[in-house]
Amino acid sequence: MKLFVVGFGCGSRDGMTLQAENIIKSCDVITGYTVYTDILRLFFPEKEYISTAMRQEKERVELALKTAADGRNVALVCSGDSEIYGMAALAFELLHLYPDVEIEIVAGVTAALSGGAVLGAPLTHDFAVISLSDLLTPWEKIEKRLMCSAMADFTIVLYNPTSKKRADYLAKACDILLEYKSADTVCGYVKNIGRDGETHRILTLGELRNESVDMFTTVFIGNSQTKIISGKMVTPRGYRNV
Ligand code: SAH
């Protein structure tokens with residue numbers, strides 16, 4: 001049958017697209033990381049769920065493919081978008097194990113967009129999205145991407161800004177950015193977007209350097225034009241027509 005890889009947005013009921021909702025409702029089984037299936041269980045209590053722990057991404061996708069190969073329609077759920085640091089590509093990479101399964105990818109509103117809206121309008125112009133997790137990417141490559149994005153004056157969105165083992169990664173990233181961006185650069189972060197305990201803060205890059213955030217936080221670093229208007233983080237749409 002079919003495997004849908006579904007991004008269900010930040011976690012609020014109304015942050016989900018109608019397409020995601022309809023597909024989840026139509027599937028026989030919902031599978032994904034426990035934190036996500038727990039959220040969806042509240043919205044769709046009648047569905048059947050298979051949950052897996054955090055680090056078992058490959059096992060999770062294999063199980064979803066196997067369940068689909070057994071003749072059921074499966075929704076493999078990811079928070080935010082299903083591609084952006086999600087499971088979509090892995091489903092294709094493991095498809096050779098169950099070649100009869102059909103895969104459909106369902107986009108969702110990624111944390112950069114839902115978080116950007118909380119802060120104001122930081123992403124109006126060109127921006128780069130970088131994950132600070134070095135589980136899948138060597139740290140040297142992350143450093144290079146940070147450096148090049150800062151040199152090019154992109155607004156930068158950081159995913160996975162920290163973890164227990166990587167408590168100082170945000171500070172290390174800020175040190176690289178501070179080589180090319182002013183310490184006054186307008187920054188912001190949003191924690192638990194669309195979930196209980198949503199909080200946000202707007203601050204300078206110099207302040208961000210010494211801030212501690214958790215793994216449920218998305219961090220925004222403005223470009224050289226980003227400013228604060230009415231308490232919101234705003235990157236102007238154009239530089240010439242203001
Ligand atoms: N597929 C997801 C990203 C998964 S990577 C998406 O498109 O949004 C996990 C990282 O995403 C977290 O470390 C955090 O930086 C960010 N994130 C995901 N959901 C979030 C939320 N509700 N609030 C704040 N940040 C979130």
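Values in this text are rule-based calculations from the coordinates and carry no lab data. Quick caveat, the model's predicted, so the values are computed rather than measured. All Cβ positions, even for glycine, are placed from backbone atoms using ideal geometry, and neighbour counts span all protein chains on display.
For the chain, what is the per residue volume of the convex hull drawn over the alpha-carbon atoms, in cubic angstrom? Can you show the working numbers first?
Values: hull volume 31.9 nm³, N = 242.
Value for the chain: 132 Å³ per residue.
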Problem - Simple Cβ-charge dipole of segment 52-144, Lys/Arg +1 and Asp/Glu -1, about Cα centre, in debye nearest 20 - result: 220 debye
Problem - Cα gyration tensor shape of segment 1-140, rounded if a/c is under 1.5, else prolate or oblate by comparing a/b with b/c - result: oblate
Practice task
Provide the per-residue ³J(HN,Hα) series for segment 89-99, in order, calculated from phi with Karplus coefficients 6.51, -1.76, 1.60 and θ = phi - 60°, each as a whole number of Hz, with x at glycine and proline positions.
Solution key: 5, 4, 4, 5, 5, 9, 4, 4, 6, 9, x
Handout entry: Distance between modelled label sites at residue 25 and residue 50, nm, 7 Å Cα→Cβ extension
Key = 2.5 nm
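Let's test the formula: R0 of 25 Å, r as the Cβ-Cβ distance of residue 147 and residue 207. What FRET efficiency results, to the nearest 0.05?
0.75
If R₀ is 30 angstrom, what is the calculated FRET efficiency for the pair residue 92 and residue 14, using the beta carbon separation as r and rounding to 0.05? Let's see the in-between values first.
Working: r = 30 Å, r/R0 = 1.00.
After rounding to 0.05, the efficiency reads 0.50.
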Practice task
Express in whole angstrom the spacing between the alpha-carbon centres of segment 186-242 and segment 80-138.
Solution key: 20 Å
Handout entry: Lysine pairs within segment 59-197, Cα separation less than 24 Å, 8 or more sequence positions apart or different chains
Key = 14
Problem - When the convex hull of its Cα atoms is projected in every direction, mean area for segment 164-203 (nm²) - result: 3.7 nm²
Fill in the blank from the handout: Non-local residues with an amide H under 5 Å from the amide H of residue 50, with H modelled 1.01 Å from N and Pro and chain starts lacking one, are 30, 31, 32
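With r defined as the distance between the Cβ atoms of residue 178 and residue 135 and R0 fixed at 30 Å, what FRET efficiency is calculated, to the nearest 0.05? Write down the numbers at each step before the final one.
Details: r = 25 Å, r/R0 = 0.84.
The pair residue 178/residue 135 has a calculated efficiency of 0.75.
Taking only DSSP H segments of four or more residues, each worth -39500 (n - 2.57), what value at 222 nm results for the chain once the sum is divided by all its residues, to the nearest 500 deg cm²/dmol?
Helix-only estimate at 222 nm: -8500 deg cm²/dmol.
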